[in-house]
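A short worksheet on the structure shown next.
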Amino acid sequence: MKLKHKHMSSSRIILLGFLLVIAIGTLLLMLPISTQDREGASFIDALFTATSSVCVTGLVVQNTATYWSYFGQAVVIILIQIGGMGVVTLAVAIAMFAGRKIGLMQRSTMQEAISAPKVSGIVRLTSFIIKGVFIIEFIGALVMYPVFARDIGPLKGIWYAVFHSVSAFCNAGFDIMGTEVEYSSLTMYASNAVINITIMALIVIGGIGFLTWDDIKTHGIHIRKYRMQSKVIFTVTGALIVIPAVFFFFYEFSRPEWGDLGIGERLLRSFFQSVTPRTAGFNTVDLTVLSEPSQVLTILLMLIGGSPGSTAGGMKTTTIAVLIMTAIAVFRRNDDAQLYGRRIAGEAVYQAAAIFLMYIVLCLTGGIIISCVEGIPVMTAFFETASAVGTVGLSLGATPNMGVISHLILISLMIFGRVGGLTLIFAAWNVNKHGLSKLPQEKITVG
């Protein structure tokens, strides 16, 4: 009798990898050396911070600059780096540098982790990703260093430049600026073009996805040779930056509340406010001063997030593109949705619809529960839950004052948003495809 060896699915490996890193991070942040008062963080504060770091979210319950020691901040930035690159990517990279052979199971898991189309070439792609990550983060830190060195000092400026470069590239949104004003983020640099442009560039580069990097490296400016996915990512990313920026410029920052802003400052704030909800979480303006239309637009941008196989979370740009093109196909009475001269697979349409439904339901359900438990306005609660499930980190200031139940809800949403809804579902259930037989079909009226 032959024994069947059951291998753990890629989805479960990815989920367990994230949970393991969160657990280790929680224990490290509970150490006395991790906090400035040398008493260590409480379990819930450490768990929340570790989850927010690994899931590259940026929501915080304690002021990162004043609560955590240098050791605690180092733990946070290491967790951000691991979460941004991906637990599986880092594990494969360590195995490669150690000279170990990368088996088919590891290649398959890596393929799912970065949303690669095929297993072949995955080791080469991993090497390219690792090198690219550190080169881009180094350049980002190098560009920002003169500004921080001037304002904070040469030695401390190094730490600030590195911390914020890694946090921005990984779309985490953690900052260590709140020494004078708590949770101030980058508001003191709202008019500094170097910091604004560098942070925005890092966010976008990290959020377009590693496969898009590969297309750029392989084909350069010959965009026609890019994968359809890369073309979609560029199109949707561009639209989601420009269109909201136009709205913020002509509506939000033309309101009397922002009357003292010049044209250049309005442009910087408009584009930054358009880019940062794409799961980054930095802010250069007081979000509580934003009008309700601007807050709603920010919530939508947070839910959409970045692109597949990137450092960003959210529903993903490709999900929105598939849903929009499917709707257009229905309006035109076409059988299939199309993008750039290619049919979109039916499986992608089903998955996009399922992901969209999961994000909306979780955001609304979590927001309603938090609003009831905390007694805060439902718009504020929705903002916090959208920020959590989109792994963004923007906040209207409610998260630090919430109770344990609400923090646990946000923790769950952050894990869901970073690991991915379908990955969690596939990890929880062993889904076996049925045979060739199908149930009888019957029409149902919708719409």
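The values are calculated or read from the model by the stated rules, or taken from the named source; none is laboratory data. Please read all numbers here as calculations on a predicted model, not as lab measurements. Here the Cβ positions follow ideal geometry from the backbone for every residue, glycine too, while neighbour counts run over all protein chains shown. SASA here: full protein model, heavy atoms, side chains in, ligands and nucleic acids out. Shrake-Rupley method; radii C 1.70, N 1.55, O 1.52, S 1.80 Å.
Here are the numbers for the structure shown:
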quantity	calculated
Criterion: buried (at least 23 other Cβ atoms within 10 Å of the Cβ) and either closer than 18 Å to Val204 by Cα or of a type in the set (Phe, Trp, Tyr) (or both) - qualifying residue of Phe248, Phe234, Phe271	Phe248
Complete set of residues in segment 214-231 that are closer than 18 Å to Val204 by Cβ, open to solvent by 60 Å² or more (accessible area, probe 1.4 Å) and of a type in the set (D, E, K, R)	Lys217
Search result, residues across segment 399-418 that are closer than 21 Å to Val285 by Cβ and crowded, with 21+ Cβ neighbours inside 10 Å	Thr399
Residues of segment 14-62 satisfying the condition of being among the polar types (S, T, N, Q), at pLDDT below 95, open to solvent by less than 10 Å² (accessible area, probe 1.4 Å) and not in a helix (DSSP H, G or I)	Thr57
Near pairs, Cβ below 8 angstrom, 6+ apart or cross-chain, from segment 186-204 (within 15 Å of Ala141 (Cβ to Cβ)) to any residue that is among the hydrophobic types (A, V, I, L, M, F, W, C) and open to solvent by 50 Å² or more (accessible area, probe 1.4 Å)	Val194/Val143; Thr198/Val143
Checklist (1) assigned to a helix (DSSP H, G or I); (2) among the polar types (S, T, N, Q); (3) free of Cβ contacts under 8 Å to residues at least 40 places away in the same chain applied to Thr318, failing item	(3)
Candidates Ile241, Ile304 - the one that is β-branched (Val, Ile, Thr) and touching a residue at least 40 places away in the same chain (Cβ under 8 Å)	Ile304
Residues within segment 312-341 that are charged (D, E, K, R) and surrounded by 14 or more Cβ atoms within 10 Å (Cβ to Cβ), tallied	1
Failed condition for Gly305, given (1) on the phi < 0 side of the Ramachandran plot; (2) open to solvent by less than 60 Å² (accessible area, probe 1.4 Å)	(1)
Residue match in segment 133-147 (condition: among the acidic types (Asp, Glu) and surrounded by fewer than 18 Cβ atoms within 10 Å (Cβ to Cβ))	no
Sole residue being assigned to a helix (DSSP H, G or I), modelled with pLDDT under 95 and either farther than 28 Å from Val246 by Cα or hydroxyl-bearing (Ser, Thr, Tyr) (or both), chosen from Thr288, Thr284	Thr288
Pairs, first of a type in the set (Asp, Glu) in segment 213-227, second in a helix (DSSP H, G or I), C-beta under 7 Å, six or more apart	Asp214/Leu125; Asp214/Phe128; Asp215/Ser230
